[in-house]
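Structure first, commentary second.
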Amino acid sequence: MSGLFITVEGGDGSGKSTQSALLAEWLEQQGRTVVLSREPGGTELGLELRDIVLHRRGHITPRAEALLYAADRAQHIETKIRPALERGEVVLQDRYFDSSVAYQGAGRVLDPNEVRKLSLWATENLLPDLTILLDLDEHLGRDRLKERTKYDRLEDEEQDFHARVRAAYLELAAAEPERFLVLSATDSVEDLAAAIRARVAPLL
């Protein structure tokens, strides 16, 4: 049985965690072993890097931020994700290099192609079999986060930052339609879950 690598992308508040949990439950019902992970923070080292990139006080330059995410990704892929795929398991991951292209590339106004190349180098060119993009207007995303008592460094960015992130995600999906499944995050939880299952089923 071959492994399957699925990533879930989208702006803040798009419902990635909810859909990941529902998909993991369904995959396990199909008899597959599922590894749920996230970036940043999927390893012990990743947790330390996550605290730096999302919660450190003070300025982090855009290039330093991109390199920190790439370091997290390199450790994560080599020590956790590739071994799981080699065991034939399904890896379901909250964010991957598309997030860096969108957030550090477009959001921080770095060259998205350079950010992508950095991530591919860090991961030895590991691409997901499927990337689920939960598309959400940045204003709605902000509204969904209002019940939180505090935001992390990226969530706290201005609206135009999040608008650039959303636009970049849609450009990535348009460039690789065979890899991406783009869904409106305003659809019901049940409808989204059903659409995701329909796309994943033939890959099993």
For residue 58, are the conditions met, namely being at pLDDT 95 or above, at positive phi and more than 16 Å from the chain's Cα centre (by Cα)?
no
Could you tell me whether any residue of the range 128-137 is within 30 Å of residue 58 (Cα to Cα) and modelled with pLDDT under 95?
yes
Of all residues in the range 14-44, how many are touching a residue at least 60 places away in the same chain (Cβ under 8 Å) and under 22 Å from residue 72 (Cβ atoms)?
6
So which residues in the range 179-204 are of a type in the set (D, E, K, R) and either part of a helix (DSSP H, G or I) or under 17 Å from the mean Cα position of the chain (by Cα) (or both)?
179, 190, 191, 197, 199
Can you confirm whether the range 42-51 contains a residue that is more than 15 Å from the chain's Cα centre (by Cα), hydrophobic (A, V, I, L, M, F, W, C) and surrounded by fewer than 17 Cβ atoms within 10 Å (Cβ to Cβ)?
yes
Checked the range 113-131 for anything over 15 Å from the mean Cα position of the chain (by Cα) and surrounded by fewer than 18 Cβ atoms within 10 Å (Cβ to Cβ); matches are 113, 114, 117, 121, 124, 125
Return a yes/no flag: does the range 89-107 have any residue that is out of contact with any Cys (no Cβ under 8 Å at 6 or more places or on another chain), in a loop (DSSP other than H, G, I, E, B) and surrounded by fewer than 22 Cβ atoms within 10 Å (Cβ to Cβ).
yes
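The values are calculated or read from the model by the stated rules, or taken from the named source; none is laboratory data. Just so it is clear, the model here is predicted, and its values are computed rather than measured. For neighbour counting, all protein chains shown are included, and Cβ atoms are generated from backbone atoms with ideal geometry for every residue, glycine included.
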